[in-house]
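Right, one structure below, let's go through it.
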Amino acid sequence: MYFLMTNDVESFSIPLNKLDYNTAREVYKVGLPRLLDVYAKHDIKCTFYFTGEIIESVPETLELVLDYGHDIGCHGFSHSHNRTFDSMNLYEQIAELKKAKHTIEKIAGRIYDFRAPALRINEFTIRALEQTGFNTDSSVASQRFDGPFTFGSKRKLKWLVAPRNPYYPSYDSVMKKGASNILEIPISAYFFSYIGTTMRISPLIVKILEKFLFAESQRTEKPIVFLFHPNECLDAKTGAAFARRANNVVEYIFADVIRNRLKVKNLGTGAVRLISEVIKRSKKAGAEFVTMQDYRKLME
Ligand SMILES: [Zn+2]
């Protein structure tokens, strides 16, 4: 059973619900050291996806992760809700990827792995990734169902039909198998997603989800992909802020009010403890921890 522990490094403040320079500093000073310490203790190698933005404001974040020997990937340039990949055409996506890749590669050397901010991609993304030298993507969460709890939730209904095992997507749809050269390695989900947010809101749901995912992996060799963020390892100093972004009342209640209140649960040392438990349980179930590039080579 292969286990890919993946980390999206961005300057987003979960309690403040916005991008924030101080959060970038805190990620470097507190969030990353806490997380890197856990991974070092368990002796596992992971993939860290960086936004170009956080590297421009605090380049030390990337240097620190490199010092620990983890693999580096790209999480777009901007993490702004107004600049998601699914709102861009092919040429805009290529420009955005080039800009982000250049910023990261100046420090990290060649990179090949991509995950879109907010997991928002469209039919142009695969072609854009090929044209900018990437070879893996991990932006699809097959069979994850968010209901009204995230923005763009209608578009994410497409996840319900995506293949479960890693696949090469078609140029017409990222959710279908096809002839591209980008290996899509889906984030583990089964109705609930196997990510830090679920883990912090309900450690019990994550344990139940693991039973299912681990059994499936033994049966079908589907790799386990967990999505986590160093900013989840920062203590919440204030309560949740309610930045109203919804387009209608239902989206406001679910996506803005309820979700934001839940999203601050177990931030900081709670998250650090819970992620250690995820690693321990996975090791007990026989997991072998690999990076995206390790996995791609294994599949060749
Ligand atoms: Zn992100």
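Assorted remarks:
- As a summary of the residue check, LYS45 satisfies the conditions (1) free of Cβ contacts under 8 Å to residues at least 24 places away in the same chain; (2) away from the ligand (no atom under 15 Å from the Cβ); (3) in a loop (DSSP other than H, G, I, E, B) except for the one numbered (1).
- Scanning the stretch 80-92 turns up no residue that is closer than 18 Å to ALA271 by Cβ and under 16 Å from the mean Cα position of the chain (by Cα).
- Test: residue in the stretch 165-182 that is within 16 Å of the ligand (Cβ to nearest atom) and either within 17 Å of the chain's Cα centre (by Cα) or modelled with pLDDT under 90 (or both): no
- When residues in the stretch 25-37 are screened for being closer than 25 Å to SER139 by Cα and either within 13 Å of the ligand (Cβ to nearest atom) or surrounded by fewer than 19 Cβ atoms within 10 Å (Cβ to Cβ) (or both), 1 of them pass.
- Selection count, the stretch 261-300, where residues are touching a Leu at 6+ places or on another chain (Cβ under 9 Å), part of a helix (DSSP H, G or I) and of a type in the set (A, V, I, L, M): 5
- Restricting attention to the stretch 118-127, the residues that are more than 16 Å from the ligand (Cβ to nearest atom) and in contact (Cβ under 8 Å) with a residue 40 or more places away in the chain total 4.
- Restricting the first member to the stretch 170-188 and to residues that are closer than 16 Å to LEU119 by Cα and surrounded by 23 or more Cβ atoms within 10 Å (Cβ to Cβ), and the second to residues that are among the charged types (D, E, K, R) and at pLDDT below 95, the beta-carbon pairs closer than 7 Å and six or more apart or on different chains are VAL174/GLU123; PRO186/ARG164.
- Residue under evaluation ALA241, criteria (1) surrounded by 15 or more Cβ atoms within 10 Å (Cβ to Cβ); (2) at pLDDT below 95, criterion not met: (1)
- The residues of the stretch 80-117 that are in a loop (DSSP other than H, G, I, E, B) and either at pLDDT 95 or above or within 14 Å of the ligand (Cβ to nearest atom) (or both), listed by number, are SER80, HIS81, ARG83, THR84, MET88, ASN89, GLY109, ARG110, ILE111, TYR112, ARG115, ALA116.
- Pairs, first within 21 Å of PHE3 (Cβ to Cβ) in the stretch 135-163, second modelled with pLDDT of 70 or more and of a type in the set (Asp, Glu), C-beta under 6 Å, six or more apart: THR136/ASP113; ASP137/GLU184; VAL140/GLU184
- A Cβ distance below 7 Å, combined with a sequence gap of six or more or placement on separate chains, defines the contacts here; from the stretch 66-80, residues that are closer than 15 Å to HIS229 by Cβ reach residues that are part of a loop (DSSP other than H, G, I, E, B) and within 12 Å of the ligand (Cβ to nearest atom) in the pairs GLY73/ARG115; HIS75/GLU10; HIS75/THR51; HIS75/ARG115; GLY76/THR51; GLY76/ALA116; HIS79/GLU10; HIS79/THR51.
- Exclusive hit being surrounded by fewer than 19 Cβ atoms within 10 Å (Cβ to Cβ) and of a type in the set (Asp, Glu), set GLU63, GLU53: GLU63
The values are calculated or read from the model by the stated rules, or taken from the named source; none is laboratory data. Note that the structure is predicted; figures quoted are calculated from it, not measured. Because the Cβ atoms are built from the backbone with ideal geometry, glycine has one as well, and the counts that use them run over all protein chains shown.
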